[in-house]
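Chemist: Got a structure for you, questions after.
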Amino acid sequence: MDVNKTLLGGSDAFLVAEAWSQTEVARLPARTLAYIGDGVYELNLRLSHVRKGIDGAGRLHDSLVELVSSTAQARVFELIFPELPESDQELVKNWRNAKTPSRYGSGTRAEYARATALEAWVGYLFLTGQNDRLRALMSVAAGLNEE
C-alpha cells in the first residue's frame, strides 16, 4: 500500500515533559549533551526524509549518513555560530573545546570538535525546552543538507 508522505501531519519537534534548568544543563559534560543532541538531530532528519518520500531502508540510511557526518555538522555549526547571542557563543565554545577522543571518525579533528559542539547545542536546546530555537536550527540543517 502506498502512503502519500506529504500528507503526514505531526511535528518534527521532540518535547521533554518538563524543561530542565538551563543552569544545570549547561553544567553537563559536552559529550553528554552531544549524546542527547545526536539522537535528536538524527531523528529530526530521519522524519524529514520520510516526509519527503525517500523510501527503502537502504536508501533512507544511505541518504542520511552523509548528513550526520562530522563534516556536514561542522558546516551547520559555521552557519549558526555567528548568529548566536554572545552568552550562547560562550557555551558553544566550551563544548567545541571539550576533549576529543583519539579516534574521531571521518573528517578532521577540528570538524569533529565543531560537530560535537553543534550536537551539544542541540541537546541543550532540547533539554531546556527551547523548541522554537531548536526548530530554527534544524531548519538551517535541513536547508544546508538540501543544497
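Bear in mind these aren't lab numbers, they're just calculated from the coordinates by the rules spelled out. Fair warning: this is a prediction, and the values are worked out from it, not measured in the lab. Please note: Cβ atoms are built from the backbone with ideal geometry, for glycine as well, and neighbour counts cover all protein chains shown.
Chemist: Loop only by DSSP, 13 or fewer other Cβ within 10 Å of the Cβ. Give me the trypsin sites (Lys or Arg not before Pro) in the stretch 62-123 that pass, ordered by residue number.
Modeler: K99, R103
Chemist: Could you list which residues have their amide H under 5 Å from that of Q130, counting only those 5 or more apart in sequence or on another chain, with H placed in the peptide plane?
Modeler: Here the answer is none, since no amide H 5 or more places off falls under 5 Å of that of Q130.
Chemist: What nm distance separates the two modelled labels at W20 and E42, each placed 7 Å from Cα along Cα→Cβ?
Modeler: 1.9
Chemist: Any idea what the relative contact order of the stretch 24-145 is, in percent, if you count C-alpha pairs under 8 Å spaced at least 6 apart?
Modeler: 44
Chemist: In square nanometres and to one decimal, what's the mean projected area of the convex hull around the Cα atoms of the stretch 24-145?
Modeler: For the stretch 24-145, averaging the hull's shadow over all directions gives 7.3 nm².
Chemist: A follow-up question, please. Can you compute the FRET efficiency between E90 and R135 using 1/(1 + (r/R0)^6), with r the Cβ-Cβ distance and R0 = 30 Å? Round to the nearest 0.05. Walk me through the intermediate numbers first.
Modeler: Details: r = 23 Å, r/R0 = 0.77.
Working from the Cβ atoms, E equals 0.85.
Chemist: Within 10 Å, count the other beta carbons around each residue, average over each peptide in 33-41, 45-53, and list them highest first.
Modeler: Packing proxy ranking, top to bottom: 33-41, 45-53.
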